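Just below is one structure, and these are the notes that go with it.
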Amino acid sequence: MKFRVKRLSRKQQQRLIPRIHIQVRDGKFEIMGMGAWYSYWRDPYHLLLTISWTGFLILICVFYVTINALFALAYLVGGDCIANARPGSFLDVFFFSVQTLASIGYGAMYPKTTYANIIVTIEAMIGLVGIAVMTGLAFARFSRPTARVMFSRVAVITVHDAKPTLMFRSANQRRNTILEAQMRVYLMRDEVTLEGQFMRRIYDLKLLRHQTPSFSLSWSVVHIIDEFSPLYGMTAESLIQTNSMLIISLSGIDETVSQVVHARHSYSPKEILWNNRFVDIFHETADGHRYIDYNRFHDVLPLDEMG
């Protein structure tokens, strides 16, 4: 048995092999041109869960109007099949469709032919399924656990216990506690192997304290830059040249809903300030009470201004 191999044209090959364009802006990667192999519209459930509430409501309205318009056209095709509706009136059959889809049934208009009853039956079934789906999506969006964690706008390279140190701040913006909170910090940068192969490598940065039993106020994350640190020997210029980026991942259990919540942040090389320190936000009143001044949460000072 002989097989004949068919050669694909260049255009056919380009359709089968997607092109992914990667653009680097301030150390942050943007993946472009991915629609050839992936699209939000191919994953509508994920789309409806991740878009904003404004976009979600707009999509529901567009879908609702469209489906009623389609059924209105179906009723018009059947001729004078709706009692008390003006013959050929799109508005009358459209609002009859709205009443049918929502199971309202005022009774002023009703189907009077077998064709109209068949369309009403189909529309009623679609209405029941649509209401169930929209209710489920709305509940999934409301019940999805989220964390409101604020990260400092910049990270700093400073001195801590006479050692060069990477530091940044995080704070819980809710008036509750994240239990068993864990912080992971990664360094992502471009590298070329000894064989000359380019790769995007990720390093796990060891933290002075990577977890806390209760995260309720503020958390200063500290990484000592010693000879074992992937940041050892790097400068602000080398971070830019290697398209480096810090990725922060926080997870824990929200004590209010008893569900795992996540928060993510990243710092580009331009958002890492060298030879700076954070302004102290812990203060004490005259009567001995301590408080946190979040107004200066993001403020930094050069090391030479330390008093």
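For the reader, a short list of remarks on this structure follows.
- Residue in region 78-95 that is in contact (Cβ under 8 Å) with a residue 60 or more places away in the chain and either of a type in the set (Asp, Glu) or part of a helix (DSSP H, G or I) (or both) present: no
- Which numbered condition Phe198 fails, given (1) over 25 Å from the mean Cα position of the chain (by Cα); (2) among the aromatic types (Phe, Trp, Tyr); (3) within 29 Å of Asp280 (Cβ to Cβ): (3)
- Any hit, region 217-230, residues being farther than 26 Å from Leu301 by Cβ and either surrounded by 12 or more Cβ atoms within 10 Å (Cβ to Cβ) or touching a strand residue (DSSP E or B) at 6+ places or on another chain (Cβ under 7 Å) (or both): yes
- Unique match (being modelled with pLDDT of 90 or more and assigned to a strand (DSSP E or B)) among Leu231, Leu239, Leu273: Leu273
- Taken over region 276-286, the criterion of being in a loop (DSSP other than H, G, I, E, B) and surrounded by 10 or more Cβ atoms within 10 Å (Cβ to Cβ) is satisfied by Val279, Asp280, Ile281.
- If only residues of region 42-70 that are open to solvent by less than 80 Å² (accessible area, probe 1.4 Å) and hydroxyl-bearing (Ser, Thr, Tyr) are counted, the one that is modelled with the lowest pLDDT is Thr50.
- Scan of region 203-223 for residues that are in contact (Cβ under 8 Å) with a residue 60 or more places away in the chain and touching a His at 6+ places or on another chain (Cβ under 7 Å), ordered by number: Val222
- In summary, Thr193 fulfils each of the numbered conditions (1) closer than 19 Å to His265 by Cβ; (2) over 28 Å from the mean Cα position of the chain (by Cα) with the single exception of condition (1).
- Leading residue by the ranking (least open to solvent (accessible area, probe 1.4 Å)) among those in region 154-183 that are part of a loop (DSSP other than H, G, I, E, B) and within 16 Å of Asn275 (Cα to Cα): Val154
- Residue list for region 242-265, filter: within 15 Å of Val185 (Cβ to Cβ) and not in a strand (DSSP E or B): Ser244
- Residue in region 111-123 that is within 34 Å of the chain's Cα centre (by Cα) and open to solvent by 30 Å² or more (accessible area, probe 1.4 Å) present: no
- Candidate set from region 233-266 (those that are in contact with a helix residue (DSSP H, G or I) (Cβ under 8 Å, 6 or more places away or on another chain) and of a type in the set (Gly, Ala, Ser)); member that is most open to solvent (accessible area, probe 1.4 Å): Ala236
- Residue match in region 287-294 (condition: in a loop (DSSP other than H, G, I, E, B) and within 29 Å of the chain's Cα centre (by Cα)): no
- The combined condition, being modelled with pLDDT of 90 or more and open to solvent by 80 Å² or more (accessible area, probe 1.4 Å), is not fulfilled by Asn295.
The values are calculated or read from the model by the stated rules, or taken from the named source; none is laboratory data. All figures in this text were calculated on a predicted structure; none of them were measured in a lab. Cβ sites come from the backbone with ideal geometry, for glycine too, and all protein chains shown count toward neighbours. Side chains included, ligands, DNA and RNA excluded: accessible areas come from the protein's heavy atoms. Shrake-Rupley method; radii C 1.70, N 1.55, O 1.52, S 1.80 Å.
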